[in-house]
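Have a look at the structure below before the remarks.
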């Protein structure tokens, strides 16, 4: 398995029943069962092709009695009362937000979300925080030249404030645990920011946008020193 799946698995607590939304080939459910992390997994996929592939794969591994493969969109095929862990990986941050929002009033503190957005991770963190989810842990993975962020969240009645907007951009848990990929992840973000600033300068764009990007770059550099990220 790739680094991305390994990092997702690391953030999943031992549970009774997990749901893997958009399971694709059902590799994550197989690992969760084989490693004894979950007693049962519900694997869902929106498209009939991946659904049939996942179902056939699980049958070939003789796991059909403990991995239930279902066809359906997002959280539609499951009852949140039957699961305690929900994994949504490999989708855009806005789509993950929509999937959660559809059932947001049914979540409680027994549910754990493990999310791996392909983009818009800052918008997803904002949404989670604004809707009463605590960002309890984070992970990072790198495959080829691409970084993947993994967010672990739980519904709480009382959640602490986020210490500044920059921690919606890069999860604070990554700094606290001094994740080994964090420095290269931030340096990559800074390079992207610098490219955007250069393009904005050449197009005579609004100064406010460039100031915001420079401010973000300075904050990230300060956090590297503050948390002694090597």
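The values are calculated or read from the model by the stated rules, or taken from the named source; none is laboratory data. Given the structure is predicted, the values throughout are model-derived calculations rather than measurements. Cβ: placed from backbone, ideal geometry, glycine included. Neighbour counts: every protein chain shown.
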Check your understanding: In this structure, does residue 224 turn out to be surrounded by 13 or more Cβ atoms within 10 Å (Cβ to Cβ) and either assigned to a helix (DSSP H, G or I) or in contact with a helix residue (DSSP H, G or I) (Cβ under 9 Å, 6 or more places away or on another chain) (or both)?
Key -> yes
Check your understanding: Within region 68-82, is there a residue that is touching a strand residue (DSSP E or B) at 6+ places or on another chain (Cβ under 9 Å), within 22 Å of residue 125 (Cα to Cα) and surrounded by 17 or more Cβ atoms within 10 Å (Cβ to Cβ)?
Key -> yes
Check your understanding: Can you tell me which residues in region 126-148 are touching a residue at least 40 places away in the same chain (Cβ under 8 Å) and either surrounded by fewer than 23 Cβ atoms within 10 Å (Cβ to Cβ) or not in a strand (DSSP E or B) (or both)?
Key -> 126, 137, 140, 141, 142, 143, 147
Review point. Does residue 173 fit the bill of being within 16 Å of residue 126 (Cα to Cα) and either part of a helix (DSSP H, G or I) or within 17 Å of the chain's Cα centre (by Cα) (or both)?
Key: yes
Review point. Just checking, which of 178, 189 is in a helix (DSSP H, G or I) and out of contact with any strand residue (DSSP E or B) (no Cβ under 7 Å at 6 or more places or on another chain)?
Key: 189
Check your understanding: Among 195, 158, which is in a helix (DSSP H, G or I) and either loosely packed, with under 13 Cβ neighbours inside 10 Å or in contact with a strand residue (DSSP E or B) (Cβ under 9 Å, 6 or more places away or on another chain) (or both)?
Key -> 195
Check your understanding: Can you name every residue in region 1-45 that is free of Cβ contacts under 8 Å to residues at least 24 places away in the same chain and either surrounded by 17 or more Cβ atoms within 10 Å (Cβ to Cβ) or under 18 Å from residue 148 (Cα atoms) (or both)?
Key -> 32
Point to revise | The one condition in (1) assigned to a helix (DSSP H, G or I); (2) in contact with a helix residue (DSSP H, G or I) (Cβ under 8 Å, 6 or more places away or on another chain); (3) surrounded by 18 or more Cβ atoms within 10 Å (Cβ to Cβ) that residue 116 fails to fulfil | key: (1)
Check your understanding: So is residue 18 within 20 Å of residue 138 (Cα to Cα) and modelled with pLDDT of 95 or more or not?
Key -> yes
**Study point:** Answer from 152, 189, 123, 211 - the residue that is more than 17 Å from the chain's Cα centre (by Cα) and either assigned by TED's automatic domain parsing to the domain that holds residue 8 or touching a residue at least 24 places away in the same chain (Cβ under 8 Å) (or both)
**Key:** 189
